[in-house]
Amino acid sequence: MCGNNMSAPLPATVPAVRKATAAVIFLHGLGDTGHGWAEAFAGIRSSHIKYICPHAPVMPVTLNMNMAMPSWFDITGLLPESQEDEPGIKQAAENVKALIEQEVKNGIPSNRIILGGFSQGPISGVNRDISILQCHGDCDPLVPLMFASLTAEKLKTLVNPANVTFKTYEGMMHSSCQQEMMDIKQFIDKLLPPVD
């Protein structure tokens, strides 16, 4: 990733079919890479949008017995009171900021860039006027629906509550589904319409 002092390969990218006038930067979850998400976005892409799916650096993760795996930051536990890796989260945010700055240098205005992520994929530096789509499976055994609901309520205190959409998917576990991807496409297309 740009500006990362930890080794990570270049992002998986789905280029725009025509001139890119918008971008989506999407961060994968713990232990994953950007490749699967790039493939998912290739299936729902809009021709004027570039999709960038960076890979987290490989690091030991306390939660998983210090096993080294792709991770944006360390995770010590899954409970709300678990200690957070603040330096790691800040570093991940800086890496995302560098990706955004690179796209701006490439000619895409910052207001035409969407940031998203799955599970561990971080979002920070929130602008109160941004729109947020939060999706969650009602059968997720890793991140219980109650935690997702609490997150949605917290987000509503950080941004205009009318701009927060929380969708749940029946029977979905800690994964994604076709309906969720179609909802994501609709959300992206609404926020990033073609400009030419």
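A quick yes/no check of all residues on (1) more than 16 Å from the chain's Cα centre (by Cα); (2) modelled with pLDDT of 95 or more:
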residue: 152; (1), (2): no, no
residue: 158; (1), (2): yes, no
residue: 163; (1), (2): yes, no
residue: 172; (1), (2): yes, yes
residue: 175; (1), (2): no, no
residue: 179; (1), (2): yes, yes
residue: 185; (1), (2): no, yes
residue: 192; (1), (2): yes, yes
residue: 196; (1), (2): yes, no
Scan segment 75-104 and report the pairs whose first residue is farther than 24 Å from residue 147 by Cα and whose second residue is open to solvent by 40 Å² or more (accessible area, probe 1.4 Å) and assigned to a helix (DSSP H, G or I), with Cβ atoms within less than 8 Å and a gap of 6+ or a chain change. 100/110; 104/110
Within segment 77-86, does at least one residue satisfy the condition of being open to solvent by less than 30 Å² (accessible area, probe 1.4 Å) and at pLDDT 95 or above? no
For segment 71-85, does any single residue satisfy the condition of being in contact with a strand residue (DSSP E or B) (Cβ under 7 Å, 6 or more places away or on another chain), closer than 23 Å to residue 180 by Cα and not hydrophobic (A, V, I, L, M, F, W, C)? no
Among the residues of segment 1-16, what is the count of those that are modelled with pLDDT of 95 or more and either surrounded by fewer than 16 Cβ atoms within 10 Å (Cβ to Cβ) or part of a strand (DSSP E or B) (or both)? 4
For segment 17-43, which positions are part of a loop (DSSP other than H, G, I, E, B) and either within 16 Å of the chain's Cα centre (by Cα) or crowded, with 18+ Cβ neighbours inside 10 Å (or both)? 20, 21, 28, 29, 30, 31, 32, 33
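Could you pull out the residue among 130, 114, 108 that is under 28 Å from residue 144 (Cβ atoms), open to solvent by less than 60 Å² (accessible area, probe 1.4 Å), touching a residue at least 24 places away in the same chain (Cβ under 8 Å) and assigned to a loop (DSSP other than H, G, I, E, B)? Break it down stepwise before answering.
Values: 114 fails: assigned to a loop (DSSP other than H, G, I, E, B); 108 fails: under 28 Å from residue 144 (Cβ atoms).
Result of the check over 130, 114, 108: 130.
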Return the pairs, sorted by first residue and then second, in which the second residue is polar (S, T, N, Q) and surrounded by fewer than 24 Cβ atoms within 10 Å (Cβ to Cβ), the first residue lies in segment 23-35 and is closer than 16 Å to residue 98 by Cβ, the beta carbons are less than 9 Å apart, and the residues are 6+ apart or on different chains. 23/106; 27/120; 34/13
When only residues in segment 150-188 that are part of a loop (DSSP other than H, G, I, E, B) and open to solvent by 90 Å² or more (accessible area, probe 1.4 Å) count, which is farthest from residue 40 (Cα to Cα)? 170
Selected residue (criterion: nearest to the chain's Cα centre (by Cα)) from residues of segment 45-74 that are open to solvent by 30 Å² or more (accessible area, probe 1.4 Å) and under 12 Å from residue 31 (Cβ atoms): 58
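The values are calculated or read from the model by the stated rules, or taken from the named source; none is laboratory data. Bear in mind the structure is a predicted one, so any value in this text is a computation, not a measurement. Cβ: placed from backbone, ideal geometry, glycine included. Neighbour counts: every protein chain shown. Areas reflect the complete protein model, heavy atoms only, side chains present, ligands, DNA and RNA absent. Shrake-Rupley method; radii C 1.70, N 1.55, O 1.52, S 1.80 Å.
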